[in-house]
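Derivation of every value follows stated rules applied to the coordinates shown; laboratory data play no part. Quick caveat, the model's predicted, so the values are computed rather than measured. Here the Cβ is made from the backbone with ideal geometry for all residues, glycine too, and neighbour counts use every protein chain on show.
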Amino acid sequence: MKYINNIIKNLRKKIKLYEYFYHVLNISLVSDYKYDKLLESLLILEKNFSNYSDNYSPTKIIGENFSNMFKLKNHILPMLSLESFYKIDYFNNFCSFVKKKTNIDNVKFCCELKIDGVALNLLYKDGILLHSLTRGNGYEGEDITNNINLISNLPKKLLGHNIPKILEVRGEVFILKTDFNNLNKMLLKKFLKSFSNTRNIVSGALRRKHSESKLNIKLLFVAYGIGFIYPNNLFTSHYKMLKKLKNFGFYINKYNLICNKKITVFNFFKKVLLIKDKINFDIDGIVIKVDSIKLQKKIGYTNKFPKWAIAIKFDTENLETRILNVRFKIGRTGILTPVAKLHPINFSGVVIKNVSLHNVDNIIKLGIKIGSYVLVKRSGNVIPKIVKVISKHKKKKYKKIFFPKYCPCCKKDLVLSKNNKIYICINKRHCISQIKKNILHFFSKNGLNVRGIGPTIISKLVDKKIISNPLDVFKLNENVLYNIKNISKKCIKKITYELNISKNVNFYNFIYALGIPEIGISASKNIANNFNSVEEIISANYDDFRNIKNIGKKISKNIFCFFNSSNNVKYVKKLSKILRIVF
Ligand code: IVH
């Protein structure tokens, strides 16, 4: 049991750390999806082990994080968050819950976009803006009234008639994607650090200590609700209240939709999914709210969110798409890799058009075919992968994937590996694809680290038969390079300069550069630490490698086989004469 308590405590600590970075330092350590999943796990554990409950758990309170830069002020009514889900199907559960609480079958819902910005609470007295507070911990927020001028569409004096004596207007501050892109382009031109997402700019701008700044940032405000209102008998419907806010001079989202039927809500979500990338501001989901103010009051609140509203967030890590075709690529070590061409999908700004299918086994295990609808996962910066085939599209046409018998590059017969899992092109010395990739690997960051020797130039030089291995690259001179199309003088100077300095190379970078299968940078470091010269490593036997800590059978076998080939030994000896290897 103590073990469970420790898990719960660690989860709370982790979530609070993420909240601190997000709210105070304006840095997202994990995606929203991952954060919400952690919170969900914590909630489940706390429900099942209620003796470990804690009133200060992040499941019970909104992250209490302040930067100490601004005065704190109380919201008149708490400014709550939204309970979030990642599947629209959850709306069915929400409907049952609402039915149970209200005894009404067909409650009206107001659907809205969930705008990804920073929440703000504006207090108006007799129609005049008194102050504006960030959400903070939901009870008190930072007073950022001095920076309010940055928001260009905000009424400082309410327009129209029937203006309440006191009114808290809640909404989201955001910036247009086009403005975000232009700003980042300008920063890049000036070699300044660009912003990673729109929310970061907004949060940073609102928390400026001095409102003057060289950056021309145009913030916008969209109103999505109210807090305290006096007199409080003005509205019966949330949707109508938003319309009234529009008359007061606020920008209201044009996609807000009143839904009399459940199906309209599902369709709203579907439509938003289709158009979300075309909308000129970031949204991270939709919000579904019970429209009747009377019913909202009846359904009530928890300490953290209203029970009459939910957010259905977009799952930014798992996206559905279709396999349009499958091509085959030969990798550096001759392994044939099937690569699926996808209907492009957008993971928070990163467009993915291709994904590796790895090997025969993986294709069979997942049941992948050309035309299959698939779920692609990309968490953080990890390479995207297909996690499953979606079987709901039964009537569509699918084609089986056939593996080629010949190398798609050099046309030589492919060989099936011992475990029948992978096809290999063993024409290492003459297969252009392998030649190019090996040279690229040799001069890559963990190898000799020559930045000018990239895929385009290698491809041109190999195609023109000027180079066929890394040794040839050291023979290049400026005259040869001048004859290659589209390489600037500046580039040529850079290449020859960097090539020259790359000759001073650490032994471990040299081992890595050789491109021996399975030998990455950490294995290279490990191996290098155990040898003092090239001759020593050439004459080492299998056990010499196997006895090194953390070097397993496979790596030992690969490196031993590599140095067992007289061609490789000749090649390594030639290289070691040109290079100045540091042991
Ligand atoms: S309603 C009491 N509506 O999402 C109701 N919130 O994750 C609470 N948000 O703190 C908010 N668009 O900053 C609501 N149309 C919308 C929204 C919205 C964005 C933000 C808001 C809230 C956060 C919760």
For Ile581, residues with placed amide H under 5 Å, excluding near neighbours: Val505
Ranked list, fewest to most other Cβ atoms within 10 Å of each Cβ, for Arg332, Arg199: Arg332, Arg199
Using θ = phi - 60° and Karplus 6.51 cos²θ - 1.76 cosθ + 1.60, couplings along the range 325-333 (whole Hz; Gly, Pro as x): 6, 10, 10, 10, 10, 9, x, 4, 9
Dipole magnitude (debye, nearest 20) for the chain, charges at Cβ of Lys, Arg, Asp, Glu: 1920 debye
Between helix 2-23 and the chain: long-axis angle, C-alpha atoms, 0 to 90°, nearest 10: 80 degrees
Cα-based shape type of the chain, given that a ≥ b ≥ c are square roots of the gyration tensor eigenvalues and the cut on a/c is 1.5: prolate
Angle between the chain longest axis and helix 489-501 axis [Cα atoms, degrees, rounded to 10]: 70 degrees
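Specify whether the C-alpha gyration tensor of the range 42-91 places it in the rounded, prolate or oblate class, a ≥ b ≥ c being the square roots of the eigenvalues: rounded for a/c under 1.5, otherwise prolate if a/b is larger than b/c and oblate if not. Walk me through the intermediate numbers first.
Numbers: a/c = 2.65, a/b = 1.46, b/c = 1.82.
Cα axes put the range 42-91 in the oblate bin.
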Nearest 10 degrees, 0 to 90: helix 262-275 Cα axis against the chain principal axis: 40 degrees
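Based only on other Cβ atoms within 10 Å, what is the fewest-to-most ordering of Tyr301, Tyr239?
Numbers: Tyr301 15, Tyr239 20.
Result, fewest neighbours first: Tyr301, Tyr239.
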CD proxy at 222 nm, helix term only [per DSSP H run n ≥ 4: -39500 (n - 2.57); per residue of the chain; nearest 500]: -10500 deg cm²/dmol
Whether the range 539-583 is rounded, prolate or oblate, judged on the alpha carbon gyration tensor where a/c under 1.5 counts as rounded: oblate
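Treat the count of other C-beta atoms within 10 Å as a stand-in for reagent exposure and order Arg327, Arg322 from fewest to most.
Details: Arg327 11, Arg322 17.
Listing Arg327, Arg322 from fewest to most nearby Cβ atoms yields Arg327, Arg322.
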Dipole of the chain, positive direction: furthest Cα of Ser96, Ile115, Gly552, with charges on the beta-carbon: Gly552
Among Thr316, Ser468, Leu245 - extreme Cα towards positive end, dipole of the chain, charges at beta-carbon: Ser468
The range 157-242 - charge dipole about Cα centre, Lys and Arg +1 at Cβ, Asp and Glu -1, debye rounded to 20: 460 debye
